[in-house]
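The values are calculated or read from the model by the stated rules, or taken from the named source; none is laboratory data. Keep in mind it's a predicted model, so treat the numbers as computed, not measured. Positions of Cβ are backbone-derived with ideal geometry, glycine not excepted, and every protein chain shown enters the neighbour counts.
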Amino acid sequence: MSKYFTNIYDTVSTLWTGMRITWRHMMNIKRDNVTLQYPEERWPRPERNIGFEHADYNVIRSRLHVDIDDCIGCLKCERACPVDCIKINTIKAPNRGEDIPEIKHTGVTSNDTRKAMVVSRFTIDMSECCYCNLCTYPCPEECIFMVGGPNNEKHNIDYEFSEFDRNDLIYQFAKSITSEQKDTLKNPIPEVEA
Amino acid sequence: MGVVHGDQMILNIGPQHPSTHGVLRLEVKTDGEIVSEVKPHIGYLHRCFEKHSENVTYEQVIPFTDRCDYLAAMNSNFGYVVAMEELMEIKVPERVDFIRVIMGELNRIASHLLALGVYGLDVGAFTPFLYMLRDRERILDMFEYTCGARLLYNYMWVGGVSHDLPKDFVKICGDFLDYFEPQISEYNELLTYNKIFIERTADVGVLPADVAVSFGVTGPNLRGSGVKWDVRKDEPYSIYDRFDFDVPTGTGEFGTVGDCFDRYWVRMLEVKESVKILRQALKDIPDGDVHQAIPKKIRPPKGSVYRRTESPRGDLGYYIISDGTPVASRVKMRSPAFTALSVLDEISRGWMISDVIAILGSLDIVLGEIDR
């Protein structure tokens, strides 16, 4: 009999303890409020220097970006990707390190590397990407990065990139080359010696 | 008049049910409300982790290990890289070891917080869940600050970690621990000592030590049954032998040793032990280069390795066979949650349906790891 009343007493008293804690948090709603009203307020993204040479290199997992003018077409990122979402096609450039103005190809990267390849296709399917960041490390020119990586000023850090069409998530980075231009690159017309 | 047996009814719980913690179907044979058999059907989250690992290079496996135990991805990474380093005989710098321990313990706290909060949710207490997730969120913020990702990190690499800690990480983590330690007693007041919670969990689903051992149950579930077994203590890997911490075991505080309450309570005590390890690790962390021991090309010699580590769910073992190429010949993952689920049928017979939910919640399973 006494156990019956002890149980009731225990239940009510522990419930009361719990309610007191909840009440205390409710009274401190200004201080303890952790909910963000998302579209109006945003959580600040952490920004820090991770010690690479690039100033303001942010650690962030967001969408991938490629500075195609710096890309030498070495395919290292394509090989590093565990889900094969990066696809690159290259054509051998006729003259190493020379500009080809017709297809807006620059011959030299910002690191002064002379490019031997013309990148005719560079697509990243962001709907397949697993955000592991493995592709950004082997790049010798550091031209592929999660947005917010090097050249931070140029790109806004953005994590809201939903699209209505799935195909819009396949990002094309290579400069558009027509099929005739491709053919001329592949079979360059031999210069007639005078 | 003999005992009257009614018709048995088969009840399906899941695959989409909030109390199954993922996509799990329980085929429950019931007599009235008494459960006579529980048959878990798994495989809804099967993603061919082991087969995938035979087709990608060793470093590309690490993002997949994240996705096995998605609540404690750091610990999943940890087990894999420790096994790989044993296979390749790499000695990592001391700072890397410290960073890994810090990350592993932080993730253990985060995983246990979710397990405890969701367990409260399973037995009908909603508020502790919110408080625990609020604090878990702060740990995830620290992970985001360190490596950019909040859940699936790909942070630990073979021979190192991907980024060094931020300069003010020690201070941020210390602040968090100062804030977090008093919160534990608040959780206890709110949930642990609540009479209704005790009535729902104490003496329910008793897992005796011999049954636990014969089923291969590990981690907090085994320690809840009173067996003092922790890989961090008994078979130390990385630098866990340097830290001073206890291995809490279930004592049957409000009921029998090995009941649901013990499994819950062991997790709560383990959070405290993790805080203890973190404080020691933050105090002693040396300087150094975290990329120094990373091999240029990961091409282990022929051979095999089995290494187990203590993930928040128990012994997480990786068996890796190398044939000397950059691609693994076989990667086998020993999942602690799988053995925990296999014991469910044994300990939930004779209990009510609502108790099966309480027992399942106390086992703290992650379906991503069971199905792989």
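In table form, for the structure just shown:
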| item | result |
| --- | --- |
| Residue in the stretch B:177-190 that is of a type in the set (A, V, I, L, M, F, W, C) and more than 30 Å from B:Pro63 (Cα to Cα) present | yes |
| Any hit, the stretch B:148-169, residues being surrounded by fewer than 19 Cβ atoms within 10 Å (Cβ to Cβ), more than 10 Å from chain A (Cβ to nearest Cβ), at pLDDT below 90 and not in a loop (DSSP other than H, G, I, E, B) | no |
| Pair list, Cβ < 9 Å and 6+ apart or interchain, from the stretch B:308-325 residues that are at positive phi to residues that are of a type in the set (Lys, Arg) and at pLDDT below 90 | B:Gly324/B:Arg299; B:Gly324/B:Lys302 |
| The stretch A:11-32: number of residues that are more than 10 Å from every other protein chain (Cβ to nearest Cβ) and either closer than 18 Å to B:Arg134 by Cβ or at pLDDT below 85 (or both) | 7 |
| In the stretch B:117-147, the residues that are touching a residue at least 24 places away in the same chain (Cβ under 8 Å) and not in a helix (DSSP H, G or I) | B:Val123, B:Gly124, B:Ala125 |
| Unique residue being surrounded by fewer than 16 Cβ atoms within 10 Å (Cβ to Cβ), more than 17 Å from B:Asn77 (Cβ to Cβ) and not basic (Lys, Arg) when the list is B:Asp323, B:Asp262 | B:Asp323 |
| Criterion: of a type in the set (Ser, Thr, Tyr), out of contact with any strand residue (DSSP E or B) (no Cβ under 9 Å at 6 or more places or on another chain) and either under 25 Å from A:Cys129 (Cβ atoms) or more than 10 Å from every other protein chain (Cβ to nearest Cβ) (or both) - qualifying residue of B:Tyr131, B:Tyr145 | B:Tyr145 |
| Yes/no for B:Asn12 being at pLDDT 85 or above and farther than 26 Å from B:Leu344 by Cα | no |
| Where B:Ser274 falls short, out of the listed (1) of a type in the set (Gly, Ala, Ser); (2) within 20 Å of the chain's Cα centre (by Cα); (3) in a loop (DSSP other than H, G, I, E, B) | (3) |
| Test: residue in the stretch B:183-192 that is within 13 Å of chain A (Cβ to nearest Cβ) and free of Cβ contacts under 8 Å to residues at least 40 places away in the same chain | yes |
| Sole residue being in a helix (DSSP H, G or I), under 16 Å from B:Gly361 (Cα atoms), touching a residue at least 60 places away in the same chain (Cβ under 8 Å) and away from every other protein chain (no Cβ under 14 Å), chosen from B:Leu222, B:Leu207 | B:Leu222 |
| Enumeration of residues in the stretch A:115-131 that are closer than 18 Å to A:Leu169 by Cα and either at pLDDT below 85 or more than 14 Å from chain B (Cβ to nearest Cβ) (or both) | A:Arg121, A:Phe122, A:Thr123, A:Ile124, A:Asp125, A:Met126, A:Ser127 |
| Residue in the stretch A:66-114 that is surrounded by the most Cβ atoms within 10 Å (Cβ to Cβ), counting only those that are touching a residue at least 60 places away in the same chain (Cβ under 8 Å) and within 14 Å of chain B (Cβ to nearest Cβ) | A:Cys77 |
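Here is a yes/no grid of residues against (1) part of a helix (DSSP H, G or I); (2) polar (S, T, N, Q); (3) in contact (Cβ under 8 Å) with a residue 40 or more places away in the chain:
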| residue | (1), (2), (3) |
| --- | --- |
| B:Glu27 | no, no, no |
| B:Ser36 | no, yes, yes |
| B:Lys39 | no, no, yes |
| B:His52 | yes, no, no |
| B:Asn55 | no, yes, yes |
| B:Gln60 | yes, yes, no |
| B:Pro63 | yes, no, yes |
| B:Arg67 | yes, no, yes |
| B:Met74 | yes, no, yes |
